[in-house]
Amino acid sequence: MGIVERALRKLRLAVPGWHRRHAPRTAAADSLEQSPVAEPVEEGLVLSGVCPVCGMNARFTGFTDNPRESGRCSNCQSFNRQRQMAYLIRQQCGLSQGGSWHFPSGLVIYNTETTGALHLQLNGLPGYVCSEYFGDEYRSGEMVDGRRHEDLQALSFADNSLDLVMSSDVMEHMPEPYAAHAEIFRVLKPGGRHIFTVPYNPLLVEDQVRAKIVDGEIVYLEEKAFHGDPVRPDEGVLVWTIFGLSMLARLRSLGFEATEWDLDESTHGIVGPGALIFEARKPPSA
Ligand SMILES: [Zn+2]
């Protein structure tokens, strides 16, 4: 263990619980969620307050040993991680945490998923676009069964065309996540933001690359791990990367202003430690 890792361990920085959406999951994915430093959430924890996803007064219950992926809103069924996304989006877009969603007119918002509690709140708003990844046999921008297909590593959007990109535990599911970040930089307007969550381990200095493509074939550097995928419930989706401290530096080298937020907003149903969410902003002068 290096000096930096030791120092971080001493500080007891919490590792967020990893992604847990739906079955199937692998044992390797489960082991990724075990943290030597994560602190358990008090058993039977009940929170109440304004839910940033639905904007209503609600109770938040059912927190598990993976608090990031649990604690359902009594109104919209959102869980902790979805509220973290909604909270930071509302804050950075100048919206209050309560009430229905009203973005300033003309804003173009792109969500990299077409399911979930936050999508249900935003779907139909003017300027809202959403997509899924359906496989490399499709071209970005193509419609597949009524949903738009986009490969984040080769987006169909024009340069400088989006105000806000949202991705929630998506960037770990592709072989070249920084190619995707560079694409997002290209399509964001100057001053636009990418607000996102990823499996992130602050005890890692470098990203842990778990799989990569060599001569067109997937080479596994770690045990295969799959996360549940609402779009392909029978298959799951491969985890290519667990991100470490170097992620922020790499985002900055792409031109972003990169910020890590550690939220603790219990009156909005958000609990930490480890409620980490990231913002990559294209500078207004870019
Ligand atoms: Zn809610």
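Values quoted throughout were computed directly from the atomic coordinates according to the rules given, and no laboratory measurement underlies them. The shown structure was predicted, so the numbers you read here are calculated from the model rather than taken from an experiment. Note that we place each Cβ from the backbone using ideal geometry, even for glycine, and neighbour counts take in every protein chain shown.
Out of region 98-175, which trypsin sites (Lys or Arg not before Pro) are coil in DSSP terms and have no more than 16 other C-beta atoms within 10 Å?
On the way: sites: 139, 147, 148; in loops: 139.
Sparse-neighbourhood loop trypsin sites (Lys or Arg not before Pro): 139.
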Dimensions (Å) - region 176-286, Cα atoms, principal axes, largest first: 40, 37, 31
Cα point-scatterer Debye curve for region 107-247, base-10 log of I(q)/I(0) at q = 0.13 Å⁻¹: -0.59
Fraction of beta bridges assigned by DSSP in the chain that are antiparallel (%, nearest 5): 65 percent
Approximate shape of region 115-162 as ellipsoid semi-axes (Cα gyration tensor, √5λ), whole Å, largest first: 19, 15, 9
Radius 9 Å from Cβ of residue 192, net charge of other residues (Lys, Arg +1; Asp, Glu -1): +3
Rotationally averaged projected area of region 143-219 (alpha carbon convex hull; nm²): 6.8 nm²
Calculated P(r) of region 3-281 - Cα pairs past 28 Å, %: 34 percent
